[in-house]
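Notes for the one structure printed next.
The values are calculated or read from the model by the stated rules, or taken from the named source; none is laboratory data. Model, not experiment: these values are computed from the prediction. Positions of Cβ are generated from backbone atoms using ideal geometry, with glycine treated the same way; all protein chains shown enter the neighbour counts. Accessible surface is based on the protein model in full, side chains and every heavy atom, while ligands, DNA and RNA are left aside. Shrake-Rupley method; radii C 1.70, N 1.55, O 1.52, S 1.80 Å.
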Amino acid sequence: MLHEFIEKLESIPATIIGGIFLVASFILSKLGITFIFDFAWITIFISGIPLLYSAIKKLIRNKGISKISSALLISIAMIAAISIGDLFAGAEVAFIMAIGEILENITTNKAKKGLKNLIKLTPTQGRKIQDGKEIIINADEIQLDDIIRILPGETIPVDGIIIQGETSIDQSIMTGESLPVDKTINDEVFCGTINRFGSIDIKATKVGEDSSLQKLIKMVQEAENKKSPIQRIADKWASLLVPVALLLAIITYFVTQDITRAVTILVVFCPCALVLATPTAIMAAIGQATKHGIIIKSGEALEKMGKVDTITFDKTGTITLGKLEVSDIISFSELSEENLLQLVSSAESKSEHPLAKAIIEHAKKMNILLDESTSFKMEAGKGIFAIVNNDEILCGNEKFLNEKNIKIENEIKEKLNELRLQGKATLLVVKNNNCIGIIALSDILRPEVKNIIEELSKLKTESILLTGDNKTTSEYFANLVGIKKVFNELLPEDKVKNIIDLQNLEKTVCMIGDGVNDAPALKTANVGIAMGSIGSDIAIEAADIALMSDNISKITYLKRLSNATVKTIKFSIALSMFINFLAIALSILGLLNPTTGALVHNAGSVFVVMIAALLYERKFDK
């Protein structure tokens, strides 16, 4: 009941009403107009009661020095001002504190829906093979060593080992890899990944809470719990300010025998400008970032971004577009590149494999008409067979050709190795038992990434690549953009471990990613940034900052903005402290009374807000 009442007093409408009555009190006193009671009492009631409640609660609940807070110091000043009849001074310090509290609450409000979205991905059912029959059971009823059948298009309900069948698995939820991974007998599969092609039977090896997806959910949850809100600077200083203010006020009273001077010291000692320094600068920076299509979910994230010295990038969808395109068409026969593309697209026209779809899409862009194919057959994870214009066509990998006893010339093998070193996926083309060409596909590098890495280096920020892709592909792309450190073939828990290792080296780490698999890493890093327009909802919710377009060049703008915000906060704190100490000196000399002291110390708050407003107008995108 009391807590609900305090929340109503702390609300924005209530604080606005308090501000109106505070202004009315000041104006009426200057005009010499008296009323039944001073309107400042209403401000004291609205803004002062929550202040007292906070101070008392911390005195009772907190331990040790943390009992002393900025709320306690301001409560003492408010009560002291009221005790000598200066209601305006008491109301003013309480009102300024209420404004700071509201601003801080606005800047630290974070969405936490990501975990719920991640849980939605958990499979609910599975096909258990029992006595040679399929039985649909709940996923949580699957036991170790149960045999589970997964049909094409179905989500794998538990971790397991393939005991029958071959297929390609979309593991993007776990590794972020852009291509499905070919799987055969004795290969491991993970809960939450999707079976794209062939029917497979697996033996359950990890079920329930031990499955990969449940561990992923648990990691996000644990990382979320570890993220405690940043301790307010005013509260950090309070343990020093409260005893110093009280001691100085007592000494001044005994030396001067002037209670007004002592109360004035308490009033001007209040860290109102200090309270406002952080939230106003952060609000201005968040407003600036929003104009540039960047959503910053908390002031803590912005502050920490200004201290980041290491940025870890996911590859697929982050430094690349996450979309496969045909990069090379190489013919080793009389066929032209266009004719080779037409032949392969015709043969693959009935395939659902992502490589096939990318090749067919490329042919359509080239306005190439496809021929009718017959006798289409696909061997999951290997390749396809089709007849086009009476020619027998095979398209697949080396393993597929070797099984069919198709000879691959050394010239073709050399070219194949060259393409693989460039991180490209390759498809060998066979016509009537002769290998006649290669079609290579590649994820597309974002053209601006190299410049971003160079800019970050100038800002004394190291760039590292963390990816689920293989060594060859990841190192190829890293070399293209100038990233020197690469960690590849990583599962979500591996990315988390790498980030923790960096943090143990006293690094302040920012993680940039776009996939579900990046969610734990985004939460574990000091700052998580998600690629908004292309990123998964889970990645966006897990991150502290979201880019609402796929323009990764915003990273350098964000880093400059964050650096400037931290500098602005430090400058505002220094300025507010200078004004406070100057006002203290004037109070000791008797040149200020509680009302004029409140106005001087209020001027410090105004300066802090003006400095923050300048931050909003500055240009950081160049």
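Listed by first and then second residue, the pairs with beta-carbon distance under 7 Å, at least 6 apart or on different chains, first residue in segment 459-478 and part of a helix (DSSP H, G or I), second among the charged types (D, E, K, R) and open to solvent by 10 Å² or more (accessible area, probe 1.4 Å), are K471/E489; T472/R420.
Looking at segment 329-338, which of the residues that are surrounded by 15 or more Cβ atoms within 10 Å (Cβ to Cβ) and of a type outside the set (S, T, Y) is farthest from A440 (Cα to Cα)? Reasoning before the result, please.
Our first condition is that a residue be surrounded by 15 or more Cβ atoms within 10 Å (Cβ to Cβ); within segment 329-338, this holds for 329-332, 335.
Filter once more, keeping what is of a type outside the set (S, T, Y): 329-330, 332, 335.
Numbers: I329: 7, I330: 8, F332: 14, L335: 17 Å.
My answer is L335.
Filtered by the rule that a residue be under 44 Å from the mean Cα position of the chain (by Cα) and among the β-branched types (V, I, T), segment 360-400 gives I360, I368, I384. Residues in segment 287-314 that are open to solvent by 10 Å² or more (accessible area, probe 1.4 Å), at pLDDT 80 or above, in a helix (DSSP H, G or I) and not acidic (D, E): K304 alone.
Each residue in segment 549-589 was checked for being farther than 21 Å from I76 by Cβ and over 43 Å from the mean Cα position of the chain (by Cα), and 1 pass. For G396, the conditions (1) in contact (Cβ under 8 Å) with a residue 40 or more places away in the chain; (2) surrounded by 17 or more Cβ atoms within 10 Å (Cβ to Cβ); (3) in contact with a Lys or Arg (Cβ under 8 Å, 6 or more places away or on another chain); (4) not aliphatic (A, V, I, L, M) all hold with the exception of (1). For segment 106-114, check the following and say yes or no: at least one residue is assigned to a loop (DSSP other than H, G, I, E, B), of a type in the set (V, I, T), at pLDDT 60 or above and surrounded by 16 or more Cβ atoms within 10 Å (Cβ to Cβ). No.
Take the residues of segment 192-210 that are over 13 Å from Q143 (Cβ atoms) and part of a loop (DSSP other than H, G, I, E, B): which is most open to solvent (accessible area, probe 1.4 Å)? Restricting to residues being over 13 Å from Q143 (Cβ atoms) and part of a loop (DSSP other than H, G, I, E, B), the top hit is R196. Figure legend. Inter-residue proximity from segment 287-310: first residues closer than 18 Å to I102 by Cβ, second residues charged (D, E, K, R) and at pLDDT below 80, beta-carbon distance below 6 Å, spacing 6+ or different chains. Indicated pairs: K297/K110; S298/K110. When restricted to residues that are modelled with pLDDT of 90 or more, surrounded by 15 or more Cβ atoms within 10 Å (Cβ to Cβ) and of a type outside the set (D, E), segment 442-458 contains 5. With the structure loaded, tell me whether L591 is open to solvent by 60 Å² or more (accessible area, probe 1.4 Å), outside any helix (DSSP H, G or I) and of a type in the set (A, V, I, L, M, F, W, C) or whether it fails that test. So L591 fits the description; yes.
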